[in-house]
Amino acid sequence: MDKRVFISLIDKYLSGQATAEEEEMMVKYYQSFQNTSAWDHETLGDAGLMQGRLQQRLNATLREHEAQPEQTPVIPVKRKTSRTWWIAASLVALVFLCGYFLQDRLMNVLDPVKMVQVNTAKGTRKKLQLPDGSVIWLEGGSSFSYPEVFRGKERTVYLSGEAFFEVTGNPANPFIIHTPLVETKVLGTSFNIEAYGEKQVEVVVVSGKVSLNAEESDAGKPLILHPNEKALYDSSNGVFNVKKAPEAKDYELRKNGQFVYKGAAVADIIKDLERAYNTPIAIKRDLLNCTFYGDFNALNNVEKALNLIALTLNARVEKLPGTRGYAISGGSCQ
């Protein structure tokens, strides 16, 4: 039996969902590796204290099972009390024998870490400092979740939307960002992730390097991105498109609301403006593929940015009456 399977059996037992066959598998596997490594005091603290906490959890589980009337088919498995207590004792002994291997999972079961979720409305921006010292600048219309304390061998967070990351280096504990489509793994670097919706994800690396894997893929070798490179993942074909990104350094300015464009498509700029100002913007379809060179600051009025775009297109900006929106009309690609 794989050790990962054994961990899942422990979790199922603690939650009262293990079948008699699964309990038997657990007992046999416990007996098969009684000479594994000792308790990791540095990571888990006092072994006696942890033993007591595990014993309390096991006792509580047993009391719940014994308190259930026999005619109530909550768990359709008949357990013998002596056999159940033997399994409980085995599990306590197992904590000491395999502490190093099970430490992360046991700590999460016995003392779960609280997750913090931060949401930003469109037109807003937020700076976050994580427990490891990493700093995140979260763009508008985004959601970001992270644990109050990073525990175990990985620092795992979750992003939907866009954020710029400055990750504190720690090779022993890689930093992993999950988005709906792509997993990004870093050791210490700065980069930007744009993951709005469930169609595309863009990752731009400013410094260091990151590895990328599609969340739904079982493919082996991850894609490695280096400074001044960007990857666009398209969920429609499951392919990463990698390009040089000489503008990568400009993404670092976004954390302060400064947007710089060097030949970007007008369609992409309009999306950025709508999120930055929480303002709908209408524009002719034949202008969307025009390119734009310039910059704007989200702290300034939206009309200033729109007039700058309209000037390069020989177009005009109109305020839509009765709404917060604007329209860019007329003009053409120069």
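All of the numbers you see were taken from the coordinates with simple rules; none came from a lab. Everything quoted here is computed from the prediction, not taken from an experiment. Here the Cβ is made from the backbone with ideal geometry for all residues, glycine too, and neighbour counts use every protein chain on show.
Can you check what the net charge comes to around Asn119, using other residues whose Cβ is under 15 Å from the Cβ of Asn119 (Lys, Arg +1; Asp, Glu -1)? Could you put the intermediate results ahead of the total?
Details: positive: Lys122, Arg125, Lys126, Lys127, Arg275; negative: Glu139, Glu162.
Charge balance near Asn119 sits at +3.
Extending 7 Å from the Cα toward the beta-carbon at both Leu253 and Gln200 defines two label points whose distance is 2.2 nm. All other residues whose Cβ lies under 10 angstrom from that of Pro227 are scored, Lys and Arg at +1 and Asp and Glu at -1, for a net of +1.
What FRET efficiency would be calculated for the residue pair Gln129, Lys221, taking the C-beta separation as r and a Förster radius of 51 Å, to the nearest 0.05? Mind dumping the intermediate values first?
Working: r = 33 Å, r/R0 = 0.65.
E between Gln129 and Lys221, to the nearest 0.05, is 0.95.
Annotation: lysines with alpha-carbon distance below 30 angstrom to Lys304 (same-chain offsets under eight excluded): Lys122, Lys126, Lys127, Lys230, Lys249, Lys255, Lys262, Lys271, Lys284, Lys319.
Taking 2.2 N^0.38 Å as the expected size of a compact globular protein, what ratio does the Cα radius of gyration of the range 115-249 give against it, to two decimals?
Cα-based Rg divided by the globular estimate yields 0.98.
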